[in-house]
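Here is the structure we will look at, set down as structure tokens.
The values are calculated or read from the model by the stated rules, or taken from the named source; none is laboratory data. None of these values were measured; they are calculated from a predicted model. With ideal geometry, Cβ positions are generated from the backbone for all residues, glycine too; neighbour counts draw on all protein chains shown. Keep in mind that these areas ignore ligands, DNA and RNA; they rest on the heavy atoms of the full protein, side chains included. Shrake-Rupley method; radii C 1.70, N 1.55, O 1.52, S 1.80 Å.
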Amino acid sequence: MLESALYIVPTPIGNLDDITLRAIEVLKNATLIAAEDTRHSKILLDKLGVLNPKMISCHDHNEEQRASIIIEEVNKGGIVALISDAGSPLINDPGYKVVTLCSKANVKVIPLPGPCALITALEASALPTDKFMFNGFFPVKEKELVETIESLKGVDYTAVFYEAPRRILNTMEKVAQILPEHDVTLCREMTKTFESFYRLKAKDAPAFLEADPDRTKGEFVVAIGALKEDQGVISPQIVDALKTLVQTTPVKVACNVVANLTGLKKNELYNLALELKEKN
Ligand code: SAM
């Protein structure tokens, strides 16, 4: 028997089997379901066998008004489920105001764990997960987009963003220009048929996306790794060593020697070695 409360219920981000048993139980027993888009969620509820649910819409433009209906429903012993179109409500989705107003009114709020694109992406990103920052969608305006990406220079955490398919190429072009040596993971269509994880250096991402139109299709989460101390930064001592070597040995050989001694990648050294040779 479920207790009377507002339940935050995550729904699948692609694969319907990702709905949890607890989510189904809450949805089947809910006396009221508050959904971001009732028509959209009705399709899922039908598939789950939630028949004739009493539903109200709850989106960015009517949350405050919906909160009073939800509070009233719980106060009279009801079970209210809050759902969004996909994934976890409140994570770049409506629900924040409802939860705040319910808490203020001493209405019990019970969150259910479940699908969330942010966490799913982070787990598969192969980037550090011990410290991360979720930023919602990348800004749409060019100036803010550039400022946001600039602000990631020198940070020590993994930055995670949502992005729309029509903007992914432009956004990754900016990331490539501003943070070329950062590791990035583009998490595309997670839990769906064309699920893909593209783990690349930021500077390689635009060409990679352009090489195949399918690579820019679908839903995206972008994770940007912090620059490791030794990544892309070649110390003055190594530059000196390379400079000395290129005076007497071919560029390729000089790069091989320095790469073997330092663990740096040969291709990271190559352009620098050419420059040093020309300056000699
Ligand atoms: N609340 C949702 C959650 O918990 O994942 C996110 C809602 S937000 C409005 C929708 C965005 O999440 C999409 O535009 C995309 O960036 C990301 N997203 C959602 N599902 C995804 C999936 N299956 N694969 C990749 N990204 C996804």
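Details
- Number of positions in the stretch 1-24 that are at pLDDT 95 or above and either open to solvent by 80 Å² or more (accessible area, probe 1.4 Å) or of a type in the set (A, V, I, L, M) (or both): 14
- Some residue of the stretch 251-274 being more than 16 Å from the ligand (Cβ to nearest atom), open to solvent by 40 Å² or more (accessible area, probe 1.4 Å), in contact (Cβ under 8 Å) with a residue 40 or more places away in the chain and not small (Gly, Ala, Ser): no
- So LYS217, is it in contact with a helix residue (DSSP H, G or I) (Cβ under 9 Å, 6 or more places away or on another chain), in the same structural domain as SER151 (by TED's automatic domain parsing) and open to solvent by less than 50 Å² (accessible area, probe 1.4 Å): no
- In the stretch 114-157, residue farthest from ILE8 (Cα to Cα) [restricted to those that are surrounded by fewer than 19 Cβ atoms within 10 Å (Cβ to Cβ) and of a type in the set (Gly, Ala, Ser)]: GLY154
- Selection within the stretch 41-80 - surrounded by 14 or more Cβ atoms within 10 Å (Cβ to Cβ) and out of contact with any helix residue (DSSP H, G or I) (no Cβ under 7 Å at 6 or more places or on another chain): SER41, LYS42, LEU44, HIS59, ASN62, ILE69, GLU72, GLU73, VAL74, GLY78
- Matching residues in the stretch 88-113 - criterion: being within 12 Å of the ligand (Cβ to nearest atom), open to solvent by 60 Å² or more (accessible area, probe 1.4 Å) and closer than 11 Å to ALA67 by Cα: TYR96
- Any strands (runs of 3 or more DSSP E) falling wholly within the stretch 117-208 and containing at least 1 residues that are within 11 Å of the ligand (Cβ to nearest atom) and under 11 Å from ILE224 (Cβ atoms): 158-163, 183-188
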